[in-house]
Amino acid sequence: MNITPDSKDDWKLIRDEEGIQIYLNEFWADKIKSNHLTLYIKYTRLNGVIQVRSSMDSLLAVITDIISCSRWVHYCSRQSLLLSKVIY
């Protein structure tokens, strides 16, 4: 499976090291008007792409193991399972 950022969203490759690509997308949106001022909110999105040699079942078993998350995910203090039904 190959998942890369959608090119129409103007993603920029900012890092490509050891088989990991990091893409950045910044955009302005949500115009807010208040007392003669117009404010815009700047959004920043990151997308990481890696290639994993594993079955989908094995990968999902690791990702959804909420008990061991803090041992292998960098800076993870806790993880919550939001959806228990996985469709792929």
Quiz item: Between Leu37 and Val73, what is the spin-label point distance in nm, taking each point 7 Å from the Cα along the Cα→C-beta axis?
Solution: 3.6 nm
Quiz item: What is the calculated FRET efficiency for Thr64 to Gln21, with r their C-beta to C-beta distance and R₀ = 25 Å, to the nearest 0.05?
Solution: 0.55
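Taken together, the values in this text are just the output of simple stated rules run on the coordinates, not laboratory data. Everything numeric here is computed off the predicted structure, so don't read it as measured data. Note: ideal-geometry Cβ built from the backbone for every residue, glycine included; neighbour counts use all protein chains shown.
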